[in-house]
1. Report the local net charge at residue 462: Lys and Arg +1, Asp and Glu -1, summed over other residues whose C-beta lies under 14 Å from its C-beta.
2. I need the calculated FRET efficiency for the pair residue 285 and residue 328, taking r as the beta carbon distance and R₀ as 22 Å, to the nearest 0.05.
3. Excluding residue 261 itself, what net charge comes from residues whose Cβ is under 10 Å from its Cβ, given Lys and Arg +1 and Asp and Glu -1?
4. Mind giving me the nanometre distance, one decimal, between the label points for residue 443 and residue 41, set 7 Å out from Cα along Cα→Cβ?
5. What ranking do 38, 176 get, fewest neighbouring Cβ atoms within 10 angstrom at the top?
6. Please compute the net charge surrounding residue 142, taking Lys and Arg as +1 and Asp and Glu as -1 over other residues with Cβ under 14 Å from its Cβ.
7. Contact order normalised by length for the stretch 167-379, with contacts defined as Cα pairs under 8 Å and 6 or more residues apart; what percent is it?
8. Place a point 7 Å from the Cα of residue 376 along the Cα-to-Cβ direction; which residues of the stretch 228-258 have their backbone N under 12 Å from it?
Amino acid sequence: MTLIKSISGIRGTIGGKAGEGLSPIDIVKFSCAFAHFLQKRNAWKPGGNPFRMVVGRDGRLSGAMVDDLVKGSLSGMGVEVIETGLSTTPTVEMAVKKHSAQGGIIITASHNPVQWNALKLLNEKGEFIDAAEGAEVIRLSEEMDFPFAEVENLGQVVEDSDTLEYHIQKILDLPLVDAEAIRKAGLKVVLDGINSTGSFAVPALLDRLGVQVQVINSEPLGRFAHNPEPLPAHLTDLSHTVAETHADMGISVDPDVDRLAFVCEDGSMFGEEYTLVAVADYVLAHTKGTAVSNLSSSRALRDVAEAHGCAYFPAAVGEVNVVTKMKEVDAVIGGEGNGGVIYPPLHYGRDALVGIALFLSHFAHKRAEDKAFSMTAFRARFPAYSISKNRVELKPGADVDKVLASLKERYRDEKINEEDGVRIDFEAAKEWVQIRKSNTEPIMRVYAESVDEAAADALGKRLVAEIEALMR
């Protein structure tokens, strides 16, 4: 059993004892503590103006149980709960702004396997709370020293079934989303719905864009057909279906629809790292400004930004860190190399739906210039780098800081960045590797990039072997 309290929210496995997994007791504690945190910040008093929070969930098996506990807890704190039901992370974020709510809770463990669930905590802007705010919520949850609402002041639960339509319409209203060009392109797409909310949210968008879509893993029943992280090894069914049906492309999202990956017409991977790169290429061609991604993302984004005469800035891993840097440098596009696109004119959050709309707009414009234009040709437009994504499982008591210190000393003659774990840049070979503890899983992530797949894999495997040796 695992319970992780981090910048990415409260995340854990379902089952086991309180405090050792995401148990019902933990869910109630953290939900109430977060409501109290927001109420204190807003100086709210029972019997005053309505205090609203939005709640939504992805399709995983434990979702309904956690949803009931969260709604009941918030009601017990005097909160009026706006219930979106089965939804996506970016849709809930948008709903916070739609309802002028004081905050929100998204019930999703994102790309984690089915036994996991989590509470992602949103502020009044529909954005994730920062590390300091998260630490205060955790402190309040441990003390539980706050009053619950009297019976006359219990919060009501109000259903809003139109949040997805609201989200989609806001996307269609964006000037850079060219729905007419997409319709004229006559695209045929295969979607992997991963048995979660993307199975209906993405087709709803594609229908409005005039795209023909075939959905595999289409029932949002929560029993994921494969590991839900949209990595090549998990997308073999999508790849085969795209090639067999002669589709223009395949689309893969994670269970809460904030990550996005594409498959080319021949079944090859477009590369989740290149989702943001392609979208940024389109956005920066029409809107001059800066671009941001995290330190674990491909340098291809920097190359594309500079090709458009724009600046690029790196940020620490974690959506809130990327958003903070984007606001600091007034970025027009940003995100993470895991397929997370953040487009400020819509909202400051990773959003696969807006990523799809912008990506297809770019592709459709190229198809209008050349009717034979394909996804493989699209991918070939961008710098050819390859990232090898590896992990090292952490046993209880593992001393991550000691491992990182040893690596820093071992590679002291190379360029070292300690902003987020340890990133080592091998300038002569045009390679880099980043080693950092995950915010969401009991693992160390080891990402390595080089000019081709073989070199990246070799670098990543070498560092994994060194880390495992240091942990013995």
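1. Details: positive: 410, 461; negative: 414, 431, 449, 457, 466, 468.
After counting each charged neighbour, the total is -4.
2. FRET efficiency, residue 285 to residue 328: 0.40.
3. Numbers: positive: 259; negative: 192, 229, 254, 272, 273.
So the environment of residue 261 carries a net charge of -4.
4. Output for this residue pair reads 3.1 nm.
5. 176, 38
6. Taking every other residue near residue 142 into account, the sum is -1.
7. Values: 469 pairs, mean separation 45.1, N = 213.
Value for the stretch 167-379: 21 percent.
8. So the set is 243.
None of the figures in this text is laboratory data; all of them are computed from the coordinates on show. The structure displayed is predicted, hence computed values, not measured ones. Cβ coordinates were reconstructed from backbone atoms using ideal geometry, including for glycine residues, and neighbour counts include every protein chain displayed.
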